[in-house]
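Just below is one structure, and these are the notes that go with it.
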Amino acid sequence: MLRIGMLTSGGDCQALNAAMRGVVKGICTKRDDVEIYGFEDGYKGLIYGKYHMLTAKDFSGILTKGGTILGTSRQPFKKMRIPDKDGLDKVESMKHTYHKLSLNCLVVLGGNGTHKTANLLREEGLNVITLPKTIDNDLWGTDMTFGFQSAVDIATDTIDKIHTTATSHSRVFIVEIMGHKVGHVTLHAGIAGGADVILLPEIPYDIDVIAGVIEKRATQGKRFTIIAVAEGAISKEDAKLKKKQYKEKLANRNSPSIAYELAQQIQKKTDQEVRITIPGHTQRGGSPCAYDRVFATRVGAAAAELIEKEEYGYMIASKNGKITKVPLQEVAGKLKMVDPEAGIIQEARTIGISFGDK
Ligand code: F6P
């Protein structure tokens, strides 16, 4: 008998269900002596022993379904070693659930924080295989994560729609895009949507440069400017601050987010009317795009193959178009950021997109 535990952890995204379907189909087409335990709401289910026994049928018809049939939650890694409010040792509790159910392995779908805990469980002796999930595409060790392309499509669609209204009204529009501390979604959606300015955490901006771009466009008779800003974008001035100082500054910021701060500054520096659009969590919602369906299915199938071979302790990854595996200890705790020197940045600059830095 093969007993598999499965959980989805951290922020949800499109194609979580598609990936789980890939794992289960990959295993169940070859054998039927399989028990699948789906843990509720991520690591929480493993900690508190909340799970459902599932069959291959439960994973049918979910390829196109957004969200996660298991539910998810954020269980911060830094609190994993801290007992809960009733004094429960979370790590011991997860191990207990795993052993009580005699699991052969745990399949974990998640992003950065999730991978730190997955690696901790591996260090504690559990058999773990992970799948690379996040709209942010910031997982180290893989070129791609599922959810990313779908989020890029949604953010691009937002920019497309803003284009028509921005033109009619001769306005500056700021579209704030998710991505946590990195700018992959903003970079791709910004280019795909034809943004004039793209602001990323990896390339600190100068507000005077941005104002200059807007004014230059106005003198050229261009009726609008579209700025795609990553939620984690940072000014050159702030980039010089120590991490702690910057955190304090953010905590005391009198605007709800970077888009509002930029809008105030741009309004002061230029004569233009500025508006803000924030697609927010819509970027994680709805059906996965075709790319994500294919990618999630491939990584799911690859996980099924590793389980069959009893090769544990890996994240399934994509490298140069090939599906491969990376040891969890190499992934955990590292962030994949946009390389400011990458070809895509240079090419964007070549066609006149400003990154607000020069
Ligand atoms: O990591 C995915 C992500 O959507 C980030 O882009 C964003 O910063 C964060 O999650 C939002 O988290 P929450 O859903 O907890 O508000």
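The values are calculated or read from the model by the stated rules, or taken from the named source; none is laboratory data. The structure displayed is predicted, hence computed values, not measured ones. Every residue, glycine as well, gets a Cβ built from its backbone with ideal geometry; the counts of neighbours run over all protein chains shown. Just so you know, the surface numbers come from the protein's heavy atoms only, side chains and all, with ligands and any DNA or RNA stripped out. Shrake-Rupley method; radii C 1.70, N 1.55, O 1.52, S 1.80 Å.
By accessible area, using a 1.4 Å probe on protein heavy atoms only, the chain has 50% of its surface on carbon and sulfur. Taking amide H as placed 1.01 Å from N in the peptide plane, the amide H of TYR51 sits under 5 Å from that of GLU40, each at least 5 places away or on another chain.
Report the Stokes-Einstein translational diffusion coefficient (µm² s⁻¹, integer) for segment 260-358, Rh taken as the Kirkwood radius over Cα pairs, at 4 °C with viscosity 1.567 mPa s. Value of D from the Cα-based Kirkwood radius: 71 µm²/s. The residues of the chain expose on average 45 square angstrom of accessible surface per residue, using a 1.4 Å probe on protein heavy atoms. One quarter of the convex hull surface built on the alpha carbon atoms of the chain amounts to 18.7 nm², the projected area averaged over directions. Annotation for segment 34-111: trypsin sites (Lys or Arg not before Pro) lying in DSSP loop with at most 11 further Cβ atoms inside 10 Å of their Cβ are ARG81, LYS85. Rounded to whole numbers, the Karplus 3J(HN,Hα) couplings from phi for segment 77-85 are 4, 5, 9, 5, 8, 9, x, 6, 5 Hz, using 6.51 cos²θ - 1.76 cosθ + 1.60 with θ = phi - 60°, and x at Gly and Pro.
The angle separating the long axis of helix 16-28 from the principal Cα axis of greatest extent in the chain is about 30 degrees. Between ALA317 and THR324, LYS325, VAL326, the built amide H atoms are under 5 Å apart, and every one of these is 5 or more places off in sequence or on another chain.
For segment 183-271, place one equal point scatterer on every Cα, skip the solvent, and apply the Debye formula. What is log10 of I(q)/I(0) at q = 0.10, 0.12, 0.13, 0.25 Å⁻¹? Summing over Cα pairs of segment 183-271 leads to -0.27, -0.38, -0.45, -1.39. In this structure, the pairs whose alpha-carbon distance is over 25 Å, taken from LYS65/LYS133; LYS247/LYS334; LYS44/LYS249, are LYS44/LYS249. For the chain, a Gaussian network of Cα nodes joined below 10 Å ranks VAL23, VAL209, VAL338 by mean-square fluctuation, and the top entry is VAL209.
The angle separating the long axis of helix 258-269 from the principal Cα axis of greatest extent in the chain is about 0 degrees. The 3J(HN,Hα) values that the Karplus relation (6.51, -1.76, 1.60; θ = phi - 60°) gives for segment 162-170 are, in residue order, 5, 3, 5, 6, 4, 5, 4, 9, 6 Hz. Gly and Pro appear as x.
With helices as the sole contributors, the chain gives -12000 deg cm²/dmol at 222 nm; each DSSP H run of n ≥ 4 counts as -39500 (n - 2.57), and the sum is divided by every residue. The value for segment 1-134 of Rg(Cα) / (2.2 N^0.38 Å) is 0.99.
Compute the angle between helix 207-219 and the longest alpha-carbon principal axis of the chain, please, reported from 0 to 90 degrees and rounded to the nearest 10. Its long axis makes an angle of about 60 degrees. Quick note on segment 222-269: its Rg to Rh ratio, both from C-alpha atoms and Rh being the Kirkwood radius, is 1.02. If you take the Cα centroid of segment 124-162 and the Cα centroid of segment 38-113, the two points sit 20 Å apart.
Label-to-label distance for HIS281 and SER168 is 2.9 nm, based on points extended 7 Å past Cα in the beta-carbon direction.
Backbone phi angles across segment 343-351, fed through the Karplus curve with coefficients 6.51, -1.76 and 1.60 (θ = phi - 60°), yield HN-Hα couplings of x, 4, 6, 4, 5, 5, 4, 4, 8 Hz in residue order; Gly and Pro are listed as x. Annotation: amide H of TRP140 within the under-5 Å range of LYS334, LYS336, sequence separation 5 or more or interchain, hydrogens built in the peptide plane.
Accessible surface of TYR48, taken over heavy atoms with a 1.4 Å probe and every protein chain present, rounds to 110 Å².
Under a model in which nothing but the beta-carbon of Lys, Arg (+1) and Asp, Glu (-1) is charged, the chain shows a dipole of about 340 debye around its Cα centre.
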